[in-house]
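The block underneath contains the structure these notes are about, expressed in structure tokens.
The values are calculated or read from the model by the stated rules, or taken from the named source; none is laboratory data. In this text the structure is predicted, and so the values were computed from the model without any measurement. Glycine gets a Cβ as well: all are built from the backbone with ideal geometry, and neighbour counts include every protein chain shown. With ligands, DNA and RNA removed, areas are computed over all heavy atoms of the protein, side chains included. Shrake-Rupley method; radii C 1.70, N 1.55, O 1.52, S 1.80 Å.
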Amino acid sequence: MAIPPPVVAAVRQAWHWQWLQLMGGLGPADSEGNYRRPPAAFATPPECPASAGQPGRHLLIVGRSCPWAHRAWLVWTLRELEGSIELLVVEPDPKAGRWRFVEPFEGALSLVDLYRRCGSDPRARATVPLLYDRVDQRIVVNESARLIELLNRWPAPASAPDLEPIELAEPIDRWRDHLQGAVNDGVYRCGFARHQAAYDRAEAELFAAFEALELSLAGGSPWLCGDRLSLADVVLFPTLIRLELVYAPLFGCSRRPLWQFPALWDWRRRFHRLAGVSATCFPAAWRRDYFGSLFPLQPSGIVPAGPDLATLVEGCPPGSQR
Ligand SMILES: N[C@@H](CCC(=O)N[C@@H](CS)C(=O)NCC(=O)O)C(=O)O
């Protein structure tokens, strides 16, 4: 039997109101409905501590699905820091809406417990990634933009690349600044927008940034700042590698498929082929965590099937000779 139209209208209105309340739990929005990422609590850029490199002292705590953690994981991998920083992967606890340790860590069962022990404000979010000092029992830094700079200065094997060479400081900063707002945060501003106009603004900015990236890479350089891989490339990868799997279907970032940006497509494959990078990618966990945990965006909890990541990344766009 058809539901009477006034009932449908009333349910829709009530449902939408509830949806807005739940979206507030995912993150705050400004008065125009634009998602605003809250600032991190331990964000002060630290000097490289004198204890850096002491075996067993520092841990990098990450989650598989988090793109901010992914960038730190990438720098850790590319600079071969496994000898001086232990990697600890936390798991999502979707019911509690927080990260939990697989085994109790320093007496903490969840990341929130660890944050509280380190003196964080009880209202503050307990986020990944973070660098933890086991001896001083403190969080060194939990803002990924600062953390990757620190990891780039961390004592590393002689073969480790410098991802922020002084002569490229200006273009690296310029790209990072642009990508952080328009791309890394941009996909979240699409997905977490509260109104059509807020989504339209974020989506237009995202695809304008893709056009700018395409134009720059079409000049023939392998990396964003020329011949050298840099932190600018590192921050782009976690967003681009999740595009078809989660951001296009769940956040509405689907105006143009990535293969229509051929230079950007090649760039992604080049980065994915770097030693150790594919081992930082967990497509099944990404889909499970995004579709399964972001309840207001996927109330059914259904996790859709997606393309095989390696096949997708290595695939040739239609009509291409690559
Ligand atoms: N400012 C942080 C943001 C990190 C962040 O938002 N991490 C998310 C996962 S993608 C998180 O841990 N959220 C847990 C929470 O908000 O309680 C950074 O870039 O490092």
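Go through segment 75-105 residue by residue and tally those that are open to solvent by 70 Å² or more (accessible area, probe 1.4 Å) and of a type in the set (Ser, Thr, Tyr).
0
Just checking, does segment 269-279 include any residue being among the aromatic types (Phe, Trp, Tyr) and part of a helix (DSSP H, G or I)?
Within segment 269-279, one or more residues are among the aromatic types (Phe, Trp, Tyr) and part of a helix (DSSP H, G or I).
Only residues in segment 167-191 that are touching a residue at least 12 places away in the same chain (Cβ under 8 Å) count as the first member; pair them with residues that are assigned to a helix (DSSP H, G or I) and of a type in the set (Asp, Glu), Cβ under 6 angstrom, at least 6 apart or cross-chain, and list the lot.
Note: pairs meeting the criteria are ALA182/GLU205; GLY186/GLU205; CYS190/GLU203.
Being within 12 Å of the ligand (Cβ to nearest atom) and in contact with a Ser or Thr (Cβ under 6 Å, 6 or more places away or on another chain) is the filter here; which residues of segment 143-180 pass it?
Across segment 143-180, there are no qualifying residues.
In segment 104-113, is there at least one residue being touching a residue at least 40 places away in the same chain (Cβ under 8 Å), in a helix (DSSP H, G or I) and within 14 Å of the ligand (Cβ to nearest atom)?
Within segment 104-113, one or more residues are touching a residue at least 40 places away in the same chain (Cβ under 8 Å), in a helix (DSSP H, G or I) and within 14 Å of the ligand (Cβ to nearest atom).
Exactly one of (1) in contact with a Cys (Cβ under 8 Å, 6 or more places away or on another chain); (2) touching a residue at least 60 places away in the same chain (Cβ under 8 Å) is unmet by PRO94. Its number?
(1)
Tell me, which residue of segment 119-135 that is in contact (Cβ under 8 Å) with a residue 40 or more places away in the chain and away from the ligand (no atom under 14 Å from the Cβ) is surrounded by the most Cβ atoms within 10 Å (Cβ to Cβ)?
That would be ASP133.
Take ALA232 and tell me if it is part of a helix (DSSP H, G or I), open to solvent by 10 Å² or more (accessible area, probe 1.4 Å) and closer than 28 Å to ILE148 by Cβ. Reasoning before the result, please.
On the way: part of a helix (DSSP H, G or I): yes; open to solvent by 10 Å² or more (accessible area, probe 1.4 Å): no; closer than 28 Å to ILE148 by Cβ: yes.
When the stated conditions are applied, ALA232 does not pass them.
Determine if segment 262-283 includes at least one residue that is of a type outside the set (Gly, Ala, Ser), touching a strand residue (DSSP E or B) at 6+ places or on another chain (Cβ under 7 Å) and touching a residue at least 12 places away in the same chain (Cβ under 8 Å).
Just the residues of segment 262-283 that are of a type outside the set (Gly, Ala, Ser), to begin with: 262, 264-274, 277, 280-283.
Add one more test, that the residue is touching a strand residue (DSSP E or B) at 6+ places or on another chain (Cβ under 7 Å), and what stays is none.
No, segment 262-283 contains no residue that is of a type outside the set (Gly, Ala, Ser), touching a strand residue (DSSP E or B) at 6+ places or on another chain (Cβ under 7 Å) and touching a residue at least 12 places away in the same chain (Cβ under 8 Å).
Of the residues in segment 22-55, how many are surrounded by 10 or more Cβ atoms within 10 Å (Cβ to Cβ), without any contact (Cβ under 8 Å) to a residue 12 or more places away in the chain and either assigned to a helix (DSSP H, G or I) or of a type in the set (D, E, K, R) (or both)?
Residues flagged as surrounded by 10 or more Cβ atoms within 10 Å (Cβ to Cβ), without any contact (Cβ under 8 Å) to a residue 12 or more places away in the chain and either assigned to a helix (DSSP H, G or I) or of a type in the set (D, E, K, R) (or both) within segment 22-55 amount to 3.
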